[in-house]
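Have a look at the structure below, then the notes.
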Amino acid sequence: MKSPQQIYSEQLIPLVKGHPLWIPEPPSSLPPTHRELGIVPGDVGFLSPDGDFDYLFHVFSGPGAPRPEDPNPNPYGTPKNFVAIEVQDRPSIIKHQPRPFTADTCVSSKTNNCADISLTITDPTR
């Protein structure tokens, strides 16, 4: 039987908006700079069975890197003999875009619909 995380991923991948994460929030164990930026080009990690991105390290360094102000882009260390890719100017392939979805955006598979629902509860004793 498929997990909810697998079903979620399989339903949203065809929308081609990136890999859907069941748990999109960065873990609280990451430094504040990492939590603020979220996942950026050059981050290396893996998708956990729980549906989140487990950060390992970052491959870029220098003023053009996606994390240029981060004093420690690799808080967990790097692989043996690792050499960061020095980036002086942000490559045109790396584009910073504001988050494409706001909190009130409905993202669903093609087989589902979104609806706005409101509920008013009144106290019958009043």
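Bear in mind these aren't lab numbers, they're just calculated from the coordinates by the rules spelled out. Small disclaimer: the values here were computed from a predicted structure and weren't measured. Please note: Cβ atoms are built from the backbone with ideal geometry, for glycine as well, and neighbour counts cover all protein chains shown.
For region 35-64, applying the loop criterion from DSSP together with a ceiling of 13 other beta carbons within 10 Å to the chymotrypsin sites (Phe, Trp or Tyr not before Pro) yields no site. Averaging the sequence gap over all C-alpha pairs within less than 8 Å and six or more residues apart, then dividing by the number of residues, gives the chain a relative contact order of 18 percent.
In a reduced charge model with +1 at each Lys and Arg Cβ and -1 at each Asp and Glu Cβ, the chain shows a dipole moment near 240 debye about its Cα centre. Taking every DSSP helix (H) stretch of at least 4 residues in the chain, weighting each as -39,500 (n - 2.57) and dividing the sum by the residue count yields a mean residue ellipticity at 222 nm of -3000 deg cm²/dmol.
Remark: the Ile7-Asp50 segment gains 14.3 nm on full extension, using 0.36 nm per residue and subtracting the alpha carbon distance.
Fewest-first ordering of Ile85, Ile39 by other beta carbons within 10 Å of each residue's beta carbon gives Ile85, Ile39.
Restricting region 1-85 to trypsin sites (Lys or Arg not before Pro) that sit in a DSSP loop and have at most 10 other Cβ atoms within 10 Å of their own Cβ leaves Lys2, Lys80. Taking 0.36 nm per residue of separation and subtracting the Cα-Cα distance, full extension of the segment from Thr105 to Ile117 would add 2.9 nm. Start at zero, step by 5 Å, and the Cα-Cα distances of the chain spread as 2, 8, 15, 17, 16, 13, 10, 7, 5, 3, 2, 1, 1, 0, 0 percent across the bins.
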